[in-house]
Structures are given as structure tokens and as C-alpha cells.
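Readers should treat all values here as calculations from the given coordinates under stated rules, not as data from a laboratory. Since we're looking at a predicted model, the values are computed, not measured. Cβ sites come from the backbone with ideal geometry, for glycine too, and all protein chains shown count toward neighbours.
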């Protein structure tokens, strides 16, 4: 179990809060508007109302004690930048801030952010990849070169196990998991026999995955 500080309870902040709470983590959430934290009071450790652009307000939260601090303010970049900087000044350990452009990301990283995420861009990218190819169901970009992709079972794999399909040698990708037609995910052993209905979750170079799904 870890402890998290979430500043800004808009849509992304709420989703992050709910998901982290379901995983059993300790959470403090903060927003300037009281109504935005009222609906999560029962699932978080602490809910605060305050202006986090003010250093004195942030200081009262003991930000250095959290494993990660999220700055989830997507509609006011100036405030996001100030809060990120203030968190860094107060010794926050791992600061993750939202950005919508590369320029914003550069400023955030220069002013204390350890990581920057682009929720809208990343979602658009995942949707574009999956909707462009009927063989792809989900997509996670790990870097400019590597991805994790959920794909249909190749015809040549059906009825064969992982060793017989020789996937690593033929396609230069690794099988991470298999999702059956009921949505159950398992980590297959070498003797797992592929079914036509299976979705296979693989990891590898994007160019190798592209060649396979084509």
C-alpha cells in the first residue's frame, strides 16, 4: 500500500482517485472547490479544500510524506506550473503533472515534475491504433520503439502451443498473457494451446507487431 496526494479533482483526478482507492492505497485529495471533493470523502484518507498555488497551504499537507503527488489541473496551466514548483520546493518525492502540449511538458519538467502525462493525447493515440486495425483491441506505448498490444490469435497459431508456434523466433515478440472469450486473462505456460477466440497480449518492437497484424 502506498500514499498519494491528488491535487485537482476534475475528471482525471476523480478517475485516478477511484482507481487508487480500489487498490487499497491511502489518499489525500485537494481542490479549491469543496463540492469537487465531497463525493470521494468516503473512499479517501483525507479530503482538503485549499489553494495549492500558495506555498503555506501546501506546507500544511506534509507533501514530503507521500510516495507520489499528482497535479491534475488541465485547464489552468499557470496554476499547474506553480503547484508543481511548490511541491518540488517542499521536497515532494515523485511529482506527476498533466500537460496538453510538449511546451507545457518542458516547463513542468524544468520546474519540478518528475513525470508528465498527456491523458487526452495518449487516449487518442490508443484509440487511433486500435480502430485502424481490426486485429488490435488495445495498445500501450512503452517508448518510441516498444509497445504492448492486445491482438487476435494469428491463424497459424490456432491449435498449437507457444513452443510449436515459435512466436519469439518467427516474429521477435513476447507473449505476456492470453485473454479467453470470457474475458479471463491468464499467463500461459509454454504448453498453452491457442484457441481461435483468444486475444493474445504481446510485447515487442512496434515495427515487428505491425508486420504480424498485417
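For the chain, adding -39500 (n - 2.57) for each run of n ≥ 4 DSSP H residues and dividing by the number of residues yields -9500 deg cm²/dmol at 222 nm. Largest GNM mean-square fluctuation among 153, 68, 60, using the chain with Cα springs under 10 Å: 60. Compared with the dominant Cα axis of the chain, that is its longest principal axis, helix 119-132 is turned about 20°.
The coefficient of translational diffusion for the chain, derived via Stokes-Einstein from the alpha carbon Kirkwood radius under 10 °C and 1.306 mPa s, stands at 81 µm²/s. Taking the inverse of the mean 1/r over every pair of distinct Cα atoms in segment 3-117 gives a Kirkwood hydrodynamic radius of 13.7 Å. Between residue 56 and residue 93, the FRET efficiency from the beta-carbon distance, with R0 = 25 Å, is close to 0.75. Calculate log10 I(q)/I(0) of segment 40-79 for q = 0.30 Å⁻¹, where I(q) comes from the Debye formula with a single equal point scatterer on each Cα and nothing for solvent. Taken in order of the listed q values, log10 I(q)/I(0) reads -1.26.
Compactness ratio for segment 165-214: Cα radius of gyration over 2.2 N^0.38 Å (N = residue count) comes to 1.14. Taking the DSSP beta bridges with both ends in the chain, the antiparallel portion is around 50 percent.
The radius of gyration of the Cα set in segment 64-105, together with its Dmax, comes out at 10.2, 30 angstrom.
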